[in-house]
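What follows is a short report on a single structure.
We did not get these values from a lab; they are worked out from the coordinates using the rules stated. Model, not experiment: these values are computed from the prediction. Don't worry about glycine lacking a Cβ; one is built from the backbone with ideal geometry, like all the others, and counts go over all protein chains shown.
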Amino acid sequence: MTFDTLRPLVLPLAVTAAALVVLLADLALPPNSARRGKVLGGLTVALLSGVLVASFVVDTSGLAAHGAYVGNAWTTFFARLFLVAGALGVLGAMEHLEAHAPRRQGEYYTLLLFSIVGMMIVPGARDLLLLVVAFELMGIPLYILAAYAKTDAAKTRKVSDPARAFDAAEAAKAPHAPAAEAAIKLYLVGATSTAITLFGLSLVVGMAGTTRLAGLFGAETPAPITVVGMMLVLAGLSFKIGVVPFHMWVPDTYEGAPTPFVAFLSVAPKAGGIAALVVVFLLGTGGHPGHWTLAIAVLAAASMTIGNLLALPQTDVRRLLGFSGVAQMGYVLLAIATGNAEGLSTAAFYLAAYVFSNMGAFLVLHAVAADGGTHDLAGLAGLSRRSPFLGLSLLAFLLSLAGIPFMIGFWAKLFIFLAAYRAGLVGLVVLGSVLAVVGLFYYLQVARAAYMVEPTQAAAPRVGGALRAAILLCLLAAAGLGLWPAPLHESASEAGASLSNSLSTGTPAPVSPGDDSQ
Amino acid sequence: MIAALLPVIVAAPAVAALILLAIPSRYAIATRVVSMAGATVSFAGSVLAAVHYDRHVGGLQMPFDLPLIPSLGVHLSLAIDGWGVSLVLLTGVIIFAAVLASFTVQRRDKEFFIYLLVLVSGVFGVFVCQDLLIFFLFYEIAVLPMYLLIGIWGSSNVVPEAGPFRFVWKIFDVGGREYAAMKLTVMLLLGSAAILVSIFVLYQGAGATTFNLGVLGAVPYARTTQIIVFPLLWMGFGSLGGVFPFHTWSPDGHAAAPTAVSMLHAGVLMKLGAFGVIRIGMMLLPVGAAYWAPTVGAVAVVNILYGAMCAMSQKDLKYIVAYSSVSHMGVVMLGAATLNATGWNGAIFQMFAHGVMTALLFSLVGLVYERAHTRIIAKMGGFGTIMPGVATFFTLAMLSSLGLPGTAGFAAELMVFLGAWHGSHAWWTIPAILGAFVTAIYVLRASRAIFWGPGPSEHFHDLYDARGVEWAAPIVLAVAIVVFGVWPRLLLDLIDPATIEYLRDFASAIVRQP
């Protein structure tokens, strides 16, 4: 095995190395050093940025691991997306960790990096085993992270052992342990959905006799067992993505878990879930996605409708953004339901837009709540006057989420609607654009709290430098790419186009195990 | 230099808003100077555009093009024709006056100017944009800041419970400023949803390579497509243009809005809707427009009459002016529905005339409200003796509203009515003129009740006339009313060539209809 066969995997490998570096640095640094958190966080961000830069330099296209992994523009796009989300997630969490878990910061970053490694492998996986392993690598660290800053009464207690995260069930009995409750919910739902996915995959693989995507389906109509299996996989993945009717964990977890972590959880793993969905349902079906797009379209319609409607009465902004996230994923599924390369590229664009808008909104929320505020609408009262920067940022993120022009979210929705319209999903486009107005209603309720309600306290929330930087980066990206969407659109189109030969041709995807074996 | 004129007009208010962001809010004077500078640059630019526009050549002039998303064919392409010049001029006059009228805003004034200026950038953009998608973007920009402007700086009204939708009172604070703001935003954005879907149809039907209005206008869309899509555009844009029955946001919105916002909204934003119906709906879908024109005209007549009737039964001064806008926008739509040169000239002229007149009315209502703290007409009376200046301007605006010869309103309504008479449905003219008659009744009645009659009650003895900078806005607007009323050719020379050109395209599209 030469380096060349590993080259497509160089980005995830680099992040793995980064995770180890952070772990070692954590060991090397004196435990009581005051600068520990800054050093570790800064190191993580620097390493992630380095890999991000490398992604523009290194050519990662090609087959790796005997065709089990394919690198192309699509995987590179998602890799960058995860790297950016990871870096923003670390920046947003630094001060929070320093305050609530000063001795366990290195592990947080390491776990986050491992999760990112899993995410980065998912979009290029062409073997179901690799897909499942990568997917679990993405998911398991998240269960731990969700419980990370649980009230933290005993500061000496370590949760470095992943198995200890399961103890969260006990912590949930404690009077105030929302993080533990959130973690156990995330874990139970995650484990259940993994089980469902695996069961479904076992049926599919059992019928096909291979774990390679290329061999899963022939041109003939799938057997009933295969259909059942695929529906189970769809249900399992829908849990992860959080779309109706598998969405109820989303608002609960968002409400309970530490907000900087939710900022990350609400974007990156969902993009990972979407990537997995694309792998199994569009690439795996060998150019015959037609059988499944109806199911995906139904989920899209249900998510857009239910998510938007259930967000309306929420007063806790985390829950509101949770339900809005359900709706947003509905829009992404609408793009997937087109089943063509253009739709996929719009989905990629949408997810990128969603990273900046949704993370930004959560980080602003965190900034307000961290300094003695609350996460509900009342806590945001008069934010624009307490801190014009936070107020303006929040408004920008909300408008972007709502899909208002000159924010990136507008282009994201526009491109998806256009692609869906071209694919003939006119009814869903109408439904989606009407529901976008409903969405605007509740986003404006948040903006109303920040802009129209008199502030209950005058002082601006104290915001740490790293958190401020993360919010500013999100703001610049959401507004800058909103004004000039061409670069992102080009690269998303390229990403979608790189999948097109596995989509448009009637034959199975051109990935065969013999191609690169030596 | 002229080539960059349009981008400058569009960008100046937005740039001023960006500069405002950097100014600490305690510097009230600097805030006003910067806002005024932004508005002045746009105003001067629009006058310059009107002067430089070569009316003998006609067509689109001063083009500016910047590819935004080349792979989809989205270009930021600006150019201006005779209609655009008139409406840009209108916007320039009104933003100039509106910024002046906002000098008295005390609370969170910096933010107020920021939203106001961003909104105006959007309005300018719509009038000069030649790319359908960017047109839509600017349209949204022009609509959305309204939510904050009304929600934060608006005033709440008491609206008595009535009608079949009485249950709404239990859920919402009907008449409250936040209710008005939300109602306006949601109704207009539902319209936008219809527009967006229509844009997809048009773009895809033309081969999905460009959003350029000129190119799309030459595409012969199938007859069924046109007949299905035109009403979508008509209702979508019409919701902003105050088309019955999608006008219900407008009285609440205008009444709740602060002075400058009412001026802009009734003066310019409603025109965006009517402009959209004509420029996008009728020019891109001529066959659909011809098919639906009888409906558009009939609904416009309903607008005129129903709006006037509603205005007559209002007790709140701002609601009267707001409903009169609904009525007058009906005149614009009636002119558009005639599909002949006189009618279209009248429609565009009425946009200008009504814009200036209603802006003047709202600015004066704002002045009266600031002093008397009431808008209920029954409580007023005899204000003319203590605020003679305001009374004079108010009367002038009211007379233009009822179409008195010598004011801009007369020329506009005359052309529309003539056009309607010569059109295929001459009967439209009769109820429309009846509407103008009703207008005269409520206008004169309101004017008398507020300014004339027995002197003001004890309660209002400390009122005073407009002072200092407060004069500026009424004077600018009143001059426009009189100048363009006495000498309508000044504007018609700009409007007419564009109308002829558009009408020629329209007629040839009908002839070669698929």
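Roughly speaking, what is the stretch gain from residue A:231 to residue A:441, that is 0.36 nm per residue apart minus the C-alpha to C-alpha distance, in nm to one decimal?
Result: 72.2 nm gained on full extension.
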Sites residue B:445 and residue B:22 - FRET efficiency at Förster radius 60 Å, r taken between beta-carbons, to 0.05: 0.75
State the extension gain, in nm to one decimal, for the chain segment bounded by residue B:370 and residue B:490, taking 0.36 nm per residue of separation less the distance between their alpha-carbons. 39.7 nm
Region B:181-186 - phi-based ³J(HN,Hα) in whole Hz, Karplus 6.51/-1.76/1.60, Gly and Pro as x: 5, 5, 4, 4, 4, 5
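Can you give me the Rg/Rh ratio for region B:389-514, using Cα atoms for both radii and the Kirkwood formula for Rh? Numbers along the way, then the final one.
Working: Rg = 20.0 Å, Rh = 17.7 Å.
Across region B:389-514, the Cα-based Rg/Rh ratio is 1.13.
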Peptide B:193-201, shielding by other chains (average Cβ, 10 Å cutoff): 5
By how many nm would the segment from residue A:133 to residue A:17 lengthen if fully extended, with 0.36 nm per residue of separation less the alpha-carbon distance? 39.9 nm
On a 0 to 90° scale, report how tilted helix B:109-128 is relative to the longest principal axis of chain B, with both axes built from alpha carbons and the result rounded to the nearest 10. 30 degrees
Give me the tail of P(r) for region B:241-377 as a percent: Cα-Cα pairs with distance above 25 Å. 25 percent
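Quick check on packing: order A:373-385, B:242-254 by the mean number of other C-beta atoms within 10 Å, highest mean leading.
With the highest mean Cβ count within 10 Å placed first, the list reads B:242-254, A:373-385.
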Relative to the longest principal axis of the C-alpha atoms of chain B, give the angle of the C-alpha long axis of helix B:489-511, reported between 0 and 90° and rounded to the nearest 10°. 40 degrees
Longest principal axis of chain B (C-alpha) makes with the long axis of helix B:317-338 (C-alpha) an angle, in degrees to the nearest 10, of 20 degrees
Based on other C-beta atoms within 10 Å, arrange B:291, A:354 from fewest to most. B:291, A:354
Point-to-point label distance, residue A:312-residue B:462, nm (Cα→Cβ direction, 7 Å offset): 4.7 nm
Using a 10 Å cut-off around each Cβ of peptide A:86-97, what is the average number of partner chain Cβ atoms that fall inside? 0
Please compute the contact order of chain B in relative form: average sequence separation of alpha-carbon pairs under 8 Å and at least six residues apart, divided by the residue count, as a percent. 16 percent
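Output the relative contact order of chain A, whole-number percent, from Cα pairs under 8 angstrom with separation of 6+ residues.
17 percent
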Distance (nanometres) between label positions extended 7 Å along Cα→Cβ at residue A:210 and residue B:385: 10.0 nm
Residues B:277, B:118 in order from fewest to most other beta-carbon atoms within 10 Å are B:118, B:277
In nm², what is the average projected area of the convex hull enclosing the Cα atoms of region B:1-142? 8.7 nm²
Under 14 Å from the residue A:99 label point (7 Å along Cα→beta-carbon), backbone N, region A:466-484: A:466-468
Mean shadow area of chain B, taken as a quarter of the surface of its Cα convex hull (nm²): 22.8 nm²
Can you tell me the order of A:18-27, A:86-95 when each peptide is scored by its average per-residue count of other Cβ atoms within 10 angstrom, highest first? A:86-95, A:18-27
For peptide B:134-141, what's the mean number of Cβ atoms from other chains within 10 Å of each residue's Cβ? 3
Between residue B:4 and residue B:108, what FRET efficiency follows from the Cβ-Cβ distance if R0 is 41 Å, with the result rounded to 0.05? 0.75
Starting with the fewest neighbours, write out A:454, B:413 ranked by other beta-carbon atoms found within 10 Å of each beta-carbon. A:454, B:413
Order B:223-231, A:113-121 from most to least packed using the mean count of other Cβ atoms within 10 Å. A:113-121, B:223-231
Where does the protein assembly as shown land at 222 nm, in deg cm²/dmol rounded to the nearest 500, when only DSSP H runs of n ≥ 4 count, each adding -39500 (n - 2.57), divided by all residues? -23000 deg cm²/dmol
What distance in nm separates the simple spin-label points at residue B:298 and residue B:425, each placed 7 Å from Cα in the Cβ direction? 0.6 nm
At R0 = 41 Å the Cβ-Cβ FRET efficiency linking residue A:472 and residue B:44, nearest 0.05, sits at 0.70
Binning at 10 angstrom from zero up to the longest distance, how are the C-alpha pair distances of the protein assembly as shown distributed in percent? 2, 11, 20, 22, 18, 13, 9, 5, 1, 0, 0
Kirkwood Rh and Cα Rg combined as Rg over Rh, evaluated for region A:3-503: 0.95
